[in-house]
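The block underneath contains the structure these notes are about, expressed in structure tokens.
Throughout, read-outs are computed from the coordinates displayed, never taken from laboratory work. What you see is a predicted model, and the numbers here were worked out from it, not measured in a lab. Here the Cβ is made from the backbone with ideal geometry for all residues, glycine too, and neighbour counts use every protein chain on show.
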Amino acid sequence: MLEENEEHLEAWWFKRKTKHPDLFKWFCIETIKVCCPKGSFGPDCNTCIGGADRPCHGNGKCDGDGTRAGNGKCSCDEGYDGEFCLDCSDGYFNSLRNDTFSLCKECHESCVGCSGGTNQHCKECRNGWVKDQEGSCIDINECIKDPAPCSDDQYCLNTDGSFSCKACDIRCTGCKGDGASSCLNCADGYKDEEGTCTDIDECTEDPASCSDNQHCLNTDGSFSCEEKVPAFNSEGAKTGDSPEKHEDL
Ligand SMILES: [Ca+2]
């Protein structure tokens, strides 16, 4: 574009810059007719909706703004709606509004539609929330519902507007929260020690868990018995080469 308009630019530099000090205006808007003044659009540089100073009332973008193209329609910013970008979109409410100015704010997370910003201003409650006696949307505690929403090896965690099911600690059979101190019962291989399910050391139990010719090896939640194999080389390191596992008690 610069090359084909070199003559124009030379003419401006040598003859017109005193009379037309704004190069952009003289060159792009008036001479080659590609641009429009800010806040206007289209072949005739029509003014955008809402005026050139605040196209789309400051809440959107005027199609073709500043160019000879476009149709001047507003695409509204997030939260704004309508031909003039003065309305609020779903999930937003007008905190200020007159003929030329509009400020939309987001509804409370508990609302479907609202007249203000708190849970007291909801038109309806979103799923997971319910109206209390004062008409405010409050969280539903799904965790106290009957039947319980989670399976036996999970605990329920209530959250605002929802809930989740979390896996119990491996040391638990059923639980009411996270960790081995929240078990309802201890899983096989664990016993309750002052409220916490703890590994049972089967190797110290009476009667012995392994036979006389075996070594006992305690593991977390289980144990294994290894055959006692007499040392067969000078280092004497080869004992219990093939442990006989008892993983499922
Ligand atoms: Ca909830």
How about the range 93-185: which chymotrypsin sites (Phe, Trp or Tyr not before Pro) there are in a DSSP loop, with at most 13 other Cβ atoms within 10 Å of their Cβ?
Phe101
On a 24 Å Cα-Cα criterion, which of the cross-link pairs Lys131/Lys176; Lys105/Lys166; Lys145/Lys176; Lys33/Lys61; Lys123/Lys145; Lys33/Lys73 come out too long?
Lys131/Lys176; Lys105/Lys166; Lys123/Lys145
Order these by the 10 Å Cβ neighbour count, fewest first: His20, His57.
His20, His57
By Cβ neighbour count within 10 Å, fewest first, Glu205, Glu7, Glu227 rank Glu7, Glu205, Glu227
Could you tell me whether the range 104-202 comes out rounded, prolate or oblate from its Cα gyration tensor? Rule is a ≥ b ≥ c as square roots of the eigenvalues, rounded for a/c under 1.5, then prolate if a/b exceeds b/c, otherwise oblate.
prolate
Please work out the FRET efficiency for the pair Asn158 and Thr100, using the Cβ-Cβ distance as r and a Förster radius of 45 Å; give the result to the nearest 0.05.
0.50
Relative intensity, log₁₀ I(q)/I(0), of the range 6-78 from a Debye sum that treats every alpha carbon as a point, q = 0.26 Å⁻¹
-0.99
To make sure I understand, if each residue's beta carbon is the centre and we count other beta carbons within 10 Å, what order do Leu9, Leu96 fall in, fewest to most?
Leu96, Leu9
Cross-link reach from Lys15 to lysines, straight Cα distance under 17 Å and at least 8 residues apart if same chain, gives Lys25
I'd like to know which of Gln214, Ser224, Ile32 lies farthest towards the positive end of the charge dipole of the chain, counting +1 on Cβ of Lys and Arg and -1 on Cβ of Asp and Glu.
Ile32
Please sort by residue number the trypsin sites (Lys or Arg not before Pro) in the range 15-124 whose DSSP state is loop and whose Cβ has at most 14 other Cβ atoms within 10 Å.
Lys17, Lys19, Lys33, Lys38
Cα convex hull volume per residue for the chain (Å³):
339
In whole angstrom, the spacing between the Cα centers of the range 62-80 and the range 117-150 equals 40
Between Ser211, Ser102, Ser151, which gets the highest mean-square fluctuation from a Gaussian network model of the chain, Cα cutoff 10 Å?
Ser211
Starting from the 7 Å offset along Cα-to-Cβ, what nm value, one decimal, do you get for the label separation of Trp13 and Glu30?
2.0
